[in-house]
Amino acid sequence: MGIINLTDNSFVSSSRMAAASIDEIVARALWMADMGASYIDIGACSSAPGNEFIDEDLEWKRMHEPLKAIMDALPGNVEISIDTFRSGIIERCLGLGRRVVVNDIFAGLADEKMLDMAVANKLCYIAMDQTADPYSFFLGWAETAAKKGLRNWILDPGFGFGKTVERNWDIMEQLPRFKDFGRPVLSATSRKRMIYMPLGLKPESCAQQSVQAELKAVELGADIIRTHDLDLHLQHNYRK
């Protein structure tokens, strides 16, 4: 899963594309597809620590023209996921004429309409945990999803959200347990504090170390890797 941040304050400065032209953004998406991305994750509201959430209208203003251009240009075999916690943004995305995947860092807890919208439109839903015990969180969340009729969902244990550096690494070692839920597991550790802080680095200077952590996640059972470093993954064989 490649990342396109239509923001000016995402925590990895090289991923910020708020000031890029439509052509540059589309070229980036097509490059990601060429690099082998099965998903391209597009967000316009940064959730980086210390940032305040922008309002929905500004989120959509940043997103809708680049998203429409990407939808028109991107091959149909590459999924477009929308990094938002607002059902209103997903509703507007659907109006552009191409199905999307919902990538919700609040797992529906910030917007009570989000899960129902995913079910009604038969969308794949990425649910992320923000607690220190994601396994327990998903025990309850899976029951809620089943009651609502949501069957097509992906589990994200939420590395870096509500967890200490040490706890993040504990959860990494526990990734095989999440297979108990019978759903694909997404690992999103790319350039995060759990990688760079123990090494005395910065998000911009820990690419190789970040990819090593992503490889470890794959070895432990992750099905999808959300990464800033698609090009560094080309040399690896992920067949299981």
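Looking across region 27-42, the residues that are open to solvent by less than 60 Å² (accessible area, probe 1.4 Å) and not charged (D, E, K, R) come down to 27, 29, 32, 33, 35, 36, 37, 39, 40, 42.
In region 130-169, which residue that is assigned to a loop (DSSP other than H, G, I, E, B) and of a type in the set (Val, Ile, Thr) is most open to solvent (accessible area, probe 1.4 Å)? Can you show your working first?
So in region 130-169, the residues assigned to a loop (DSSP other than H, G, I, E, B) come out as 130-133, 149-152, 157-164.
Imposing the further condition that a residue be of a type in the set (Val, Ile, Thr) reduces the set to 131, 164.
On the way: 131: 53, 164: 78 Å².
Filtering region 130-169 for residues that are assigned to a loop (DSSP other than H, G, I, E, B) and of a type in the set (Val, Ile, Thr), the one most open to solvent (accessible area, probe 1.4 Å) comes out as 164.
Considering only region 111-120, how many residues are small (Gly, Ala, Ser) and open to solvent by 60 Å² or more (accessible area, probe 1.4 Å)? It would help to see each step written out before you state the result.
Going through region 111-120, the residues small (Gly, Ala, Ser) turn out to be 118, 120.
Imposing the further condition that a residue be open to solvent by 60 Å² or more (accessible area, probe 1.4 Å) reduces the set to 120.
Final tally of qualifying residues: 1.
Each residue in region 171-197 was checked for being part of a helix (DSSP H, G or I) and within 16 Å of residue 12 (Cβ to Cβ), and 4 pass.
The residue that is nearest to residue 138 (Cα to Cα), among those in region 56-90 that are out of contact with any Ser or Thr (no Cβ under 8 Å at 6 or more places or on another chain), of a type in the set (D, E, K, R) and open to solvent by 60 Å² or more (accessible area, probe 1.4 Å), is 57. Put simply, of 76, 36 the only residue that is at pLDDT below 95, closer than 26 Å to residue 191 by Cβ, assigned to a loop (DSSP other than H, G, I, E, B) and of a type in the set (Gly, Ala, Ser) is 36. A Cβ distance below 7 Å, combined with a sequence gap of six or more or placement on separate chains, defines the contacts here; from region 91-107, residues that are surrounded by fewer than 22 Cβ atoms within 10 Å (Cβ to Cβ) reach residues that are in a loop (DSSP other than H, G, I, E, B) and of a type in the set (Ser, Thr, Tyr) in the pairs 105/47. Restricting attention to region 32-53, which residues are under 18 Å from the mean Cα position of the chain (by Cα) and either over 26 Å from residue 128 (Cα atoms) or among the hydrophobic types (A, V, I, L, M, F, W, C) (or both)? Result: 32, 33, 35, 37, 40, 42, 44, 45, 48, 53. Take the conditions (1) within 17 Å of the chain's Cα centre (by Cα); (2) assigned to a loop (DSSP other than H, G, I, E, B); residue 200 misses just one of them, which is (1).
Checking each residue of region 54-72 against the condition of being in contact with a helix residue (DSSP H, G or I) (Cβ under 7 Å, 6 or more places away or on another chain) and part of a loop (DSSP other than H, G, I, E, B) gives no match. On the basis of being in contact with a strand residue (DSSP E or B) (Cβ under 9 Å, 6 or more places away or on another chain), free of Cβ contacts under 8 Å to residues at least 60 places away in the same chain and surrounded by fewer than 18 Cβ atoms within 10 Å (Cβ to Cβ), does residue 221 make the cut? Considered against the rule, which asks whether it is in contact with a strand residue (DSSP E or B) (Cβ under 9 Å, 6 or more places away or on another chain), free of Cβ contacts under 8 Å to residues at least 60 places away in the same chain and surrounded by fewer than 18 Cβ atoms within 10 Å (Cβ to Cβ), residue 221 comes out as yes. Given the criteria of a type in the set (S, T, N, Q) and in contact (Cβ under 8 Å) with a residue 60 or more places away in the chain, does residue 87 qualify? No; evaluated as a whole, the condition is false for this residue.
Among the residues making up region 170-184, a single one is in contact with a Gly (Cβ under 8 Å, 6 or more places away or on another chain) and crowded, with 21+ Cβ neighbours inside 10 Å: 178.
Look at residue 22 and say whether it is at pLDDT 95 or above, open to solvent by 50 Å² or more (accessible area, probe 1.4 Å) and in contact with an Asp or Glu (Cβ under 9 Å, 6 or more places away or on another chain). Don't jump to the end; show me each part of the working.
Values: at pLDDT 95 or above: yes; open to solvent by 50 Å² or more (accessible area, probe 1.4 Å): yes; in contact with an Asp or Glu (Cβ under 9 Å, 6 or more places away or on another chain): yes.
The answer is yes for residue 22.
Condition check: touching a residue at least 24 places away in the same chain (Cβ under 8 Å), open to solvent by less than 30 Å² (accessible area, probe 1.4 Å) and of a type outside the set (Lys, Arg). Does residue 203 satisfy that?
On the way: touching a residue at least 24 places away in the same chain (Cβ under 8 Å): yes; open to solvent by less than 30 Å² (accessible area, probe 1.4 Å): yes; of a type outside the set (Lys, Arg): yes.
For residue 203, the condition - touching a residue at least 24 places away in the same chain (Cβ under 8 Å), open to solvent by less than 30 Å² (accessible area, probe 1.4 Å) and of a type outside the set (Lys, Arg) - is met.
The values are calculated or read from the model by the stated rules, or taken from the named source; none is laboratory data. Everything numeric in this text was worked out from a predicted model, so none of it was measured. Heads up, the Cβs are rebuilt from the backbone with ideal geometry, glycines too, and the neighbour counts pull from every protein chain shown. To get the accessible areas, we keep the full protein, side chains included, count just its heavy atoms, and leave off ligands, DNA and RNA. Shrake-Rupley method; radii C 1.70, N 1.55, O 1.52, S 1.80 Å.
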